[in-house]
2 protein chains.
Amino acid sequence: QYIAERLGKGSKTVDLELEAQIEVLRDMQRKYANILRLAKNLNSHFCNVVQTQRALGEAFSEQAQRSPELQEEFSYNCETQRALVKNGEVLLGAMNFFTSTINTLCNKTMEDTLLTVRQYEAARLEYDAYRNEMEALQLAPRESTSASKVDGSKRKFDEHKVKFEKLRADVSIKLKFLDENRVKVMHKQLLLFHNAVSAYFTGNDSALEATLKQFNIKLKPANTEKPSWIEQ
Amino acid sequence: QYIAERLGKGSKTVDLELEAQIEVLRDMQRKYANILRLAKNLNSHFCNVVQTQRALGEAFSEQAQRSPELQEEFSYNCETQRALVKNGEVLLGAMNFFTSTINTLCNKTMEDTLLTVRQYEAARLEYDAYRNEMEALQLAPRESTSASKVDGSKRKFDEHKVKFEKLRADVSIKLKFLDENRVKVMHKQLLLFHNAVSAYFTGNDSALEATLKQFNIKLKPANTEKPSWIEQ
């Protein structure tokens with residue numbers, strides 16, 4: 001049946017609305033995967049920035065102690081870098097939550113629906129194959145075919161019709177739930193991402209902390225460093 | 001003479017104050033080279049962040065147009081990323097100026113003084129060698145050495161004494177000027193670095209622009225993009 005369809009032979013059952021929804025989902029998964037890739041890159045580049053700021057803060061601190069003639073200049077630069085490191089770690093926490101959630105949406109939730117879509121597409125192919133076989137038998141001259149052969153074909157067609165229609169319904173429902181879920185998840189994640197990024201890049205530490213609390217994000221207790229100047 | 005000194009033989013002329021100053025300079029060059037390395041790394045990681053923010057802004061913009069259900073969420077994220085890219089390029093300009101000036105200080109200005117130091121150290125070695133030779137000849141029994149040999153040795157010693165003392169004076173003056181220059185340059189650069197970083201990370205675009213004007217930094221006109229939302 002697959003080869004017949006490729007060659008333009010044999011009739012094919014098409015659900016235009018469903019096919020369009022599936023195409024939209026496939027395209028959306030590609031686009032979200034791209035956003036995920038960029039967000040992960042941002043996370044990793046930003047992580048490098050924070051690590052370098054930490055080392056630079058230490059280098060400035062050392063010079064502040066060694067260079068009385070430039071003590072003030074090195075000190076305030078050291079304090080700024082340390083404050084950025086502290087807030088940077090909070091932002092990294094928010095960005096990690098963003099990428100991990102988009103990853104689940106893209107590679108688990110969407111993927112699960114697309115698995116059902118692939119099962120539906122295979123069932124559609126089988127269904128059309130049995131349908132075309134049955135129709136050919138029904139159109140053939142009486143003497144060349146036995147009634148039992150026609151009945152057998154009809155039974156197989158019915159079986160695959162049930163399977164196909166069940167999967168079509170599954171796909172339809174999953175697409176609907178996926179879309180509702182996606183909108184809810186993305187609404188929350190885009191709000192988090194925006195609030196965290198805005199708070200960080202306007203130096204608003206308390207808004208940044210509040211955003212993480214709001215979204216219930218716990219930071220890993222990797223912060224075993226000396227307390228930074230801002231806490232003293 | 002070098003080998004004799006290594007073996008703890010032969011007397012050595014030592015200018016304790018100058019040696020200490022030279023040691024301080026060598027150590028300082030190492031420390032400043034470390035700050036330069038970190039600042040360059042920061043620059044390059046931050047450049048990656050800005051490039052990723054640009055791509056992410058575009059991806060958000062595309063989704064804002066395609067997803068009516070999440071248009072608002074994608075839009076404000078797109079605008080934030082674009083604003084960060086715009087300010088990020090200004091900060092990169094300031095950081096480039098910082099690294100390029102520290103590079104000159106570390107690898108040209110300090111290096112030039114250290115070249116004179118190495119010439120001085122070589123001259124000191126030669127001077128001590130001729131001095132020890134002459135002293136040995138003067139102490140030797142009269143009959144075993146000729147007066148002309150002593151005179152020749154004395155002449156060579158005098159020549160190298162002049163050369164050595166000239167280089168010692170050169171080093172001393174260069175160290176003094178270098179230190180004045182370093183304090184002036186670093187005072188300016190650390191102020192620029194701090195003001196630019198603070199302005200950027202508090203989202204204060206106008207202070208960031210003002211800092212660049214204050215330090216007379218011209219940005220490369222690489223900004224051939226569409227004007228971002230903030231200018232509209």
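Between copies, the label points of A:Ala147, set 7 Å from Cα on the Cα→Cβ line, lie 15.2 nm apart, reported in increasing order to one decimal in nanometres. If you take all other residues with their beta carbon under 13 Å from the beta carbon of B:Ala64, and give Lys and Arg +1 and Asp and Glu -1, the sum is -3.
Net charge of the neighbourhood of A:Phe215, taken over other residues with C-beta under 15 Å away and scored Lys/Arg +1, Asp/Glu -1, is +2.
For B:Asn107, the point set 7 Å out from Cα toward Cβ sits 4.0 nm from its twins in the other copies, listed from shortest up. Summed over qualifying helices (DSSP H, 4 residues or more, each -39500 (n - 2.57)) and divided by its residue number, chain A shows a 222 nm mean residue ellipticity of -29000 deg cm²/dmol. Beyond 23 Å in Cα-Cα separation lie the following of the pairs B:Lys86/B:Lys108; A:Lys31/A:Lys108; B:Lys9/B:Lys154; A:Lys31/A:Lys213: B:Lys86/B:Lys108; A:Lys31/A:Lys213. Treating r as the C-beta distance of A:Glu58 and A:Thr13 and R0 as 60 Å, the FRET efficiency rounds to 0.30.
Divide the volume of the convex hull around the Cα atoms of region A:1-118 by the residue count and you get 126 Å³ per residue. In whole percents, the pair-distance distribution calculated for region A:100-144 from its alpha-carbon pairs, binned every 10 Å from zero, is 24, 25, 19, 15, 10, 5, 1. Each Lys or Arg adds one and each Asp or Glu subtracts one; over the other residues with Cβ under 12 Å from the Cβ of B:Thr101, this totals +4.
The A:Arg142 and B:Gln71 beta-carbon pair, evaluated with R₀ = 45 Å, returns a calculated FRET efficiency of approximately 0.10. Quarter the surface of the alpha carbon convex hull of region A:117-190 and you get the mean projected area, 5.5 square nanometres. What a 1.4 Å probe finds exposed on the protein assembly as shown is 54% carbon and sulfur by accessible area, rounded to a whole percent. Position A:Lys31: other-copy label points at 5.4 nm, ordered by increasing distance, label point 7 Å along Cα→C-beta. Note on B:Ser172 and A:Glu209: with the Förster distance fixed at 41 Å, the Cβ-Cβ geometry gives a FRET efficiency of about 0.15. Comparing Cα centroids, region B:1-30 and region B:67-119 end up 40 angstrom apart. Partner aspartates and glutamates whose Cα lies under 18 Å from the Cα of B:Lys12, excluding those fewer than 8 positions away in the same chain, are identified as B:Glu23, B:Glu121, B:Glu126, B:Asp128, B:Glu133, B:Glu135, B:Asp158, B:Glu159, B:Glu165. Solvent-accessible surface of the protein assembly as shown, taken per residue with a 1.4 Å probe and all protein chains present: 54 Å².
Annotation for B:Ala4 and B:Asp27: the two label points, set 7 Å from Cα along the Cα-Cβ direction, are 3.1 nm apart. The Cα atoms of region A:10-49 cover 59, 18, 6 Å along the three principal axes, with the biggest extent listed first.
Annotation for the A:B interface, with buried accessible surface near 4100 Å², both sides summed [1.4 Å probe; non-protein components not counted]. Please give the helix A:110-139 orientation as an angle from the longest Cα principal axis of chain A, in degrees from 0 to 90, rounded to the nearest 10. The helix A:110-139 is inclined about 10 degrees to chain A. Computed over the alpha carbons of the protein assembly as shown, Rg followed by Dmax gives 37.7, 144 Å.
Both radii come from the Cα set of chain A: Rg as radius of gyration, Rh as Kirkwood radius; their ratio Rg/Rh reads 1.32. Restricting region A:140-215 to trypsin sites (Lys or Arg not before Pro) that sit in a DSSP loop and have at most 13 other Cβ atoms within 10 Å of their own Cβ leaves nothing.
The values are calculated or read from the model by the stated rules, or taken from the named source; none is laboratory data. Note that the structure is predicted; figures quoted are calculated from it, not measured. For neighbour counting, all protein chains shown are included, and Cβ atoms are generated from backbone atoms with ideal geometry for every residue, glycine included. SASA here: full protein model, heavy atoms, side chains in, ligands and nucleic acids out. Shrake-Rupley method; radii C 1.70, N 1.55, O 1.52, S 1.80 Å.
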